[in-house]
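**Q** To start, I am sharing the structure in question, which I have written as structure tokens.
The values are calculated or read from the model by the stated rules, or taken from the named source; none is laboratory data. Because the structure is predicted, anything quoted here is derived from the model rather than measured. No Cβ is skipped: glycine too gets one built from the backbone with ideal geometry, and neighbour counts run over all protein chains shown.
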Amino acid sequence: MLQAGRVSGRAVAAAGLALFLLAVGFAGWRASRALRLSREEVRSEREIRFSVQPFATPAEQNFELVSAPAVFLQAARFQEHLYIAGPAGLLEYDPNGTPLRQFAVGRDLPSSPLVALAPAVLADAREPELVVATAQEGLLAFDGRGFRQIFPQDPGVRTITSILPVAAGHLLIGTKKRGVLLYDGKQITPLHSTLSNLYVTALAGTESDLWVGTLDQGVLHWHAGATETFGEEQGLPDRQVQAIAIAGEKTYAGTVLGVAVFERGRFSRVLVPGVLTSAVLATRGELFVGSEDQGVLAIPLEGRRPNASAGTSAELTEVRQFFESGEAIYALTRNALYRMSGRGFGWQQVLQPGPAVLSDRNISALAADKSGRLWIGYFDRGLDELPADRGRATHIENEHVFCINRILPDARTGSVAVATANGLVRFDAAGSQEQVLTRADGLIADHVTDVVAYRDGLAVATPAGLTFLDAGGARSLYAFHGLVNNHIYALGVAGDELLVGTLGGLSMIGKGDVQASYTTATSGLQHNWITAVVPVGEEWMVGTYGAGIAGLDRAGRFHPFEKGSGAFEVNPNAMLVTPRHVFAGTLGQGLYVYERESGRWSALTQGLPSANVTALAESNGYLYVGTDNGLVRIPEQKLHP
């Protein structure tokens with residue numbers, strides 16, 4: 001019995017030991033698994049998913065670009081040719097300045113303005129390429145024959161502002177939202193946590209000794225594994241940095257109020273205080289400072305007084321970049337390229353953009369009158385009248401015709417009413433300005449956001465309410481009279497019904513009085529900020545700033561659309577109805593197209609110069625699409641969403 005008890009005790013002890021070891025092993029496995037998951041989580045937070053593939057030219061959409069002024073932004077030498085990038089695309093010139101090729105955004109390139117370019121040999125390439133950064137569509141790498149696209153999935157990573165090739169085939173990427181990123185040919189990762197969540201404006205230096213300019217946080221210097229920040233408290237003239245140049249142990253940071261000089265990483269002094277600096281270059285014992293409005297300053301670096309002799313050309317303003325080629329120095333401005341020889345005989349213009357039909361690129365309103373003339377309103381440049389024969393546009397710009405919100409042709413008289421930030425401007429049938437209406441003439445506010453024909457007169461929308469103009473004079477309606485909100489963005493008319501879209505919801509007006517109001521609290525409306533309203537058959541379509549497009553039936557019930565409703569913004573008054581379609585221009589999501597016969601929405605970006613569609617018009621079977629980067633047109637029958 002004793003022997004049996006000993007055996008039994010040993011068995012129990014062995015079983016207990018086994019259970020103990022099992023428990024220890026399980027705990028270790030759990031700890032190892034937790035550690036592995038933690039590492040994977042950290043790695044997934046650092047790594048950014050992206051794809052690399054040849055860029056295929058967008059499928060033919062039959063969009064035709066209406067010529068707008070080219071804007072120069074950055075230039076680079078590649079394969080002995082000069083390339084200039086800007087919002088419209090990429091231009092190629094031979095050594096003599098002869099134009100060779102043009103790669104247009106939306107046609108040959110993604111539908112996004114170009115913001116930067118630099119020659120490099122990336123780690124995942126076998127030969128030199130010209131790396132081109134876009135504003136919303138990632139990076140392009142051009143080998144002289146074709147493009148490949150490096151496309152991050154995260155939209156925040158695609159908001160690129162600057163690029164800097166560094167050693168070992170790496171590329172530093174400055175962004176608007178994610179700070180400084182590093183592309184090593186295999187992955188995209190944040191360079192360092194202290195350089196994240198910044199709006200980057202400029203990069204200079206190396207991967208281990210980097211100077212970073214920002215929009216509102218001054219200059220950051222990353223070196224020796226740490227980051228130093230320089231703001232106004234440390235001597236910087238302003239926190240908005242626009243350019244950085246390095247020469248030896250000195251760094252020059254151009255801000256909107258002068259140039260800060262750093263020596264061996266320490267702030268030293270400020271040069272040209274008060275100058276809105278947009279470009280800097282240190283060479284030949286001089287610092288070249290390019291400005292928005294004061295030409296080019298050549299500052300001797302040996303202590304002598306600055307002089308402006310290098311900037312005597314009146315056109316040499318809005319300087320975007322300096323670069324050297326051989327013994328010459330080049331200054332790239334918004335609308336020309338200038339050269340200074342090695343002997344320094346001043347600046348000579350060597351390139352400029354070709355002629356354009358339109359006066360600007362940033363379009364805010366479109367309309368066609370009964371003669372077929374197209375009216376193009378700009379965000380900050382007045383408006384153009386483009387004749388039906390597509391000759392050169394006539395430009396109109398003054399203290400009232402400036403920021404254009406809406407254009408309303410009168411089919412009966414041929415006159416045109418233009419809603420601006422400085423009043424309601426009326427033009428006669430010949431296109432001549434004949435009247436300006438402001439608060440002094442009965443409007444409830446000078447800023448007019450929309451205007452429609454209503455009953456026997458006009459309904460005029462403003463941020464302070466609604467004004468009716470007719471033969472009896474002016475009468476205003478606002479929140480005191482039942483309007484859901486005073487800040488009106490859009491108006492829609494169907495017979496005697498006037499639907500008023502505001503910052504706080506919708507109001508229905510019948511025969512001049514508020515009949516009903518709709519908000520997210522009182523109806524099925526998904527967003528109170530209303531930006532566009534159009535009647536479509538027996539119902540309304542309502543564009544919102546945040547919930548896409550909603551339908552509203554005559555009984556006051558809202559309903560969503562598959563794909564047409566969602567978390568996106570419809571731009572103010574950017575909706576158009578034709579017998580076959582409804583079109584909606586969005587902020588960054590392209591053109592939304594509704595086929596009335598099938599009742600389906602689809603989104604379109606290919607063929608557009610920008611995914612920010614700001615205005616729409618129809619004339620003689622053509623659909624005109626205005627964006628913040630130009631204008632295109634297409635026969636409506638050839639539109640294939």
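**Q** Can you confirm whether region 200-207 contains a residue that is farther than 18 Å from ALA133 by Cβ, in contact with a strand residue (DSSP E or B) (Cβ under 6 Å, 6 or more places away or on another chain) and either surrounded by fewer than 18 Cβ atoms within 10 Å (Cβ to Cβ) or of a type in the set (A, V, I, L, M, F, W, C) (or both)?
**A** no
To keep it simple, each residue is scored yes or no on (1) over 26 Å from SER602 (Cα atoms); (2) in contact with a His (Cβ under 9 Å, 6 or more places away or on another chain); (3) among the aromatic types (Phe, Trp, Tyr).
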residue: ASP441; (1), (2), (3): yes, no, no
residue: GLY457; (1), (2), (3): yes, no, no
residue: PHE468; (1), (2), (3): yes, no, yes
residue: LEU491; (1), (2), (3): no, no, no
residue: SER507; (1), (2), (3): yes, no, no
residue: LYS511; (1), (2), (3): yes, no, no
residue: PRO535; (1), (2), (3): no, no, no
residue: GLY546; (1), (2), (3): no, yes, no
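**Q** Turning to a different aspect of this structure: What single numbered condition from (1) more than 25 Å from THR214 (Cα to Cα); (2) at pLDDT 90 or above; (3) in a loop (DSSP other than H, G, I, E, B); (4) aliphatic (A, V, I, L, M) fails to hold for LEU316?
**A** (2)
**Q** Give me a count of the residues in region 259-287 that are surrounded by fewer than 21 Cβ atoms within 10 Å (Cβ to Cβ), closer than 15 Å to LEU297 by Cβ and of a type in the set (Ser, Thr, Tyr).
**A** Looking only at that region, the number is 1.
**Q** Out of everything in region 542-564 that is free of Cβ contacts under 8 Å to residues at least 24 places away in the same chain and surrounded by fewer than 21 Cβ atoms within 10 Å (Cβ to Cβ), what residue ends up being farthest from ALA615 (Cα to Cα)?
**A** Here the residue is ALA555.
**Q** Next question. Going by what's in this entry, would ARG412 be described as surrounded by fewer than 17 Cβ atoms within 10 Å (Cβ to Cβ), more than 31 Å from the chain's Cα centre (by Cα) and either on the phi < 0 side of the Ramachandran plot or outside any loop (DSSP other than H, G, I, E, B) (or both)?
**A** yes
**Q** Exactly one condition in (1) in a loop (DSSP other than H, G, I, E, B); (2) surrounded by fewer than 20 Cβ atoms within 10 Å (Cβ to Cβ); (3) of a type in the set (Asp, Glu); (4) in contact (Cβ under 8 Å) with a residue 24 or more places away in the chain is not met by GLU385; state its number.
**A** Tallying (1) in a loop (DSSP other than H, G, I, E, B); (2) surrounded by fewer than 20 Cβ atoms within 10 Å (Cβ to Cβ); (3) of a type in the set (Asp, Glu); (4) in contact (Cβ under 8 Å) with a residue 24 or more places away in the chain, GLU385 fails exactly one: (1).
**Q** Something else: Would you be able to tell me the number of residues in region 85-100 that are of a type in the set (D, E, K, R) and under 22 Å from GLY138 (Cβ atoms)?
**A** Here is the first cut: in region 85-100, the residues of a type in the set (D, E, K, R) are 92, 94.
From the residues that got through so far, the ones that are under 22 Å from GLY138 (Cβ atoms) too are 92.
Selection size over region 85-100: 1.
**Q** For PRO155, only one of the following conditions fails: (1) surrounded by fewer than 21 Cβ atoms within 10 Å (Cβ to Cβ); (2) more than 17 Å from LEU117 (Cα to Cα); (3) of a type outside the set (Val, Ile, Thr); (4) modelled with pLDDT of 95 or more. What is its number?
**A** (4)
**Q** Please determine, by comparing only the residues of region 587-641 that are charged (D, E, K, R) and assigned to a strand (DSSP E or B), which one is farthest from GLY372 (Cα to Cα).
**A** Residues of region 587-641 that are charged (D, E, K, R), as a first pass: 595-597, 600, 618, 628, 633, 636, 638.
This time we only want the ones that are assigned to a strand (DSSP E or B), so: 595, 600, 618, 633.
Working: GLU595: 25, ARG600: 30, GLU618: 10, ARG633: 14 Å.
Ranking the qualifying residues of region 587-641, first place goes to ARG600.
**Q** I'm trying to understand the selection: among the residues of region 64-99, which are in the same structural domain as ALA133 (by TED's automatic domain parsing), of a type in the set (D, E, K, R) and assigned to a strand (DSSP E or B)?
**A** Within region 64-99, ARG77, GLU92 meet the criteria.
**Q** To continue, here is another question. Condition first: outside any loop (DSSP other than H, G, I, E, B) and either surrounded by fewer than 18 Cβ atoms within 10 Å (Cβ to Cβ) or touching a residue at least 60 places away in the same chain (Cβ under 8 Å) (or both). Now tell me which residues in region 324-341 satisfy that. Talk me through it step by step, then tell me what you get.
**A** Taking region 324-341 and keeping what is outside any loop (DSSP other than H, G, I, E, B), we get 324-325, 328-333, 337-340.
The answer is GLU324, SER325, ALA328, TYR330, LEU332, THR333, LEU337, ARG339.
**Q** Would you point out the residue of region 451-484, among those that are among the small types (Gly, Ala, Ser) and in a loop (DSSP other than H, G, I, E, B), that is nearest to GLY505 (Cα to Cα)?
**A** Among residues in region 451-484 that are among the small types (Gly, Ala, Ser) and in a loop (DSSP other than H, G, I, E, B), the one nearest to GLY505 (Cα to Cα) is GLY482.
**Q** Can you work out which of the residues in region 342-382 that are of a type in the set (Ser, Thr, Tyr) and part of a loop (DSSP other than H, G, I, E, B) is farthest from GLY326 (Cα to Cα)?
**A** So the first thing to find is which residues in region 342-382 are of a type in the set (Ser, Thr, Tyr), and the list is 359, 364, 371, 378.
Filter once more, keeping what is part of a loop (DSSP other than H, G, I, E, B): 359, 371.
Values: SER359: 36, SER371: 55 Å.
Among those residues, the one meeting the criterion is SER371.
**Q** Conditions first: (1) free of Cβ contacts under 8 Å to residues at least 40 places away in the same chain; (2) under 26 Å from ARG373 (Cα atoms). ALA567 passes all but one, so which condition is the exception?
**A** All conditions are met except number (2).
**Q** So, in region 54-69, of the ones that are in contact with a strand residue (DSSP E or B) (Cβ under 6 Å, 6 or more places away or on another chain) and not acidic (Asp, Glu), which residue ends up modelled with the lowest pLDDT? I'd like the intermediate steps shown before the answer.
**A** Applying the first criterion (in contact with a strand residue (DSSP E or B) (Cβ under 6 Å, 6 or more places away or on another chain)) to region 54-69 yields 54-55, 62-66, 68.
Keeping just the survivors that are not acidic (Asp, Glu) gives 54-55, 62-63, 65-66, 68.
Values: PRO54: 95, PHE55: 93, ASN62: 81, PHE63: 91, LEU65: 92, VAL66: 93, ALA68: 93.
This residue is ASN62.
**Q** Here is a follow-up. Which ones in region 427-481 are within 34 Å of the chain's Cα centre (by Cα) and of a type in the set (S, T, N, Q)?
**A** Selection gives SER432, GLN433, THR438, THR449, THR462, THR467.
**Q** Continuing with the same structure: Being in a loop (DSSP other than H, G, I, E, B), out of contact with any Lys or Arg (no Cβ under 6 Å at 6 or more places or on another chain) and crowded, with 16+ Cβ neighbours inside 10 Å narrows it down to one of LEU140, LEU122, so name that one.
**A** On inspection, the qualifying residue turns out to be LEU122.
**Q** Next question, about the same structure. Condition first: under 25 Å from the mean Cα position of the chain (by Cα), modelled with pLDDT under 95 and closer than 22 Å to THR134 by Cβ. Can you find one or more residues in region 172-179 that meet it?
**A** yes
**Q** I'd like to check something: does region 265-276 contain any residue that is assigned to a strand (DSSP E or B), out of contact with any His (no Cβ under 6 Å at 6 or more places or on another chain) and under 30 Å from ALA135 (Cβ atoms)?
**A** No, because not a single residue in region 265-276 is assigned to a strand (DSSP E or B), out of contact with any His (no Cβ under 6 Å at 6 or more places or on another chain) and under 30 Å from ALA135 (Cβ atoms).
**Q** What number of residues in region 223-246 are surrounded by fewer than 22 Cβ atoms within 10 Å (Cβ to Cβ), outside any loop (DSSP other than H, G, I, E, B) and without any contact (Cβ under 8 Å) to a residue 40 or more places away in the chain?
**A** Of the residues in that region, 7 qualify.
**Q** Could we say that GLY505 is at pLDDT 95 or above and more than 24 Å from ALA367 (Cβ to Cβ) here?
**A** Yes, satisfied.
**Q** A further question follows. Regarding ALA532, is this residue surrounded by fewer than 19 Cβ atoms within 10 Å (Cβ to Cβ) and in the same structural domain as ASP450 (by TED's automatic domain parsing)?
**A** Considered against the rule, which asks whether it is surrounded by fewer than 19 Cβ atoms within 10 Å (Cβ to Cβ) and in the same structural domain as ASP450 (by TED's automatic domain parsing), ALA532 comes out as no.
**Q** On to the next question. Only one of GLY218, GLY225 is at pLDDT below 95 and at positive phi; which? Step through it out loud before you land on a result.
**A** Working: GLY218 fails: at pLDDT below 95.
Result of the check over GLY218, GLY225: GLY225.
**Q** Cβ-Cβ distance below 9 Å, separation of 6 or more or different chains: which pairs start in region 173-193 with a residue that is closer than 16 Å to GLY213 by Cβ and polar (S, T, N, Q) and end on one that is at pLDDT 95 or above and not in a loop (DSSP other than H, G, I, E, B)?
**A** THR175/ILE160; THR175/THR161; THR175/SER162; THR175/LEU181; THR175/VAL200
**Q** Please verify whether VAL448 is within 25 Å of ASN571 (Cα to Cα), touching a strand residue (DSSP E or B) at 6+ places or on another chain (Cβ under 6 Å) and in a loop (DSSP other than H, G, I, E, B), treating the condition exactly as stated.
**A** Yes, satisfied.
**Q** Filtering region 70-101 down to residues that are modelled with pLDDT of 95 or more and among the polar types (S, T, N, Q), which residue is nearest to ILE363 (Cα to Cα)?
**A** GLN74
**Q** Might you let me know whether region 295-302 holds any residue that is assigned to a loop (DSSP other than H, G, I, E, B), modelled with pLDDT under 85 and more than 22 Å from GLY86 (Cβ to Cβ)?
**A** yes
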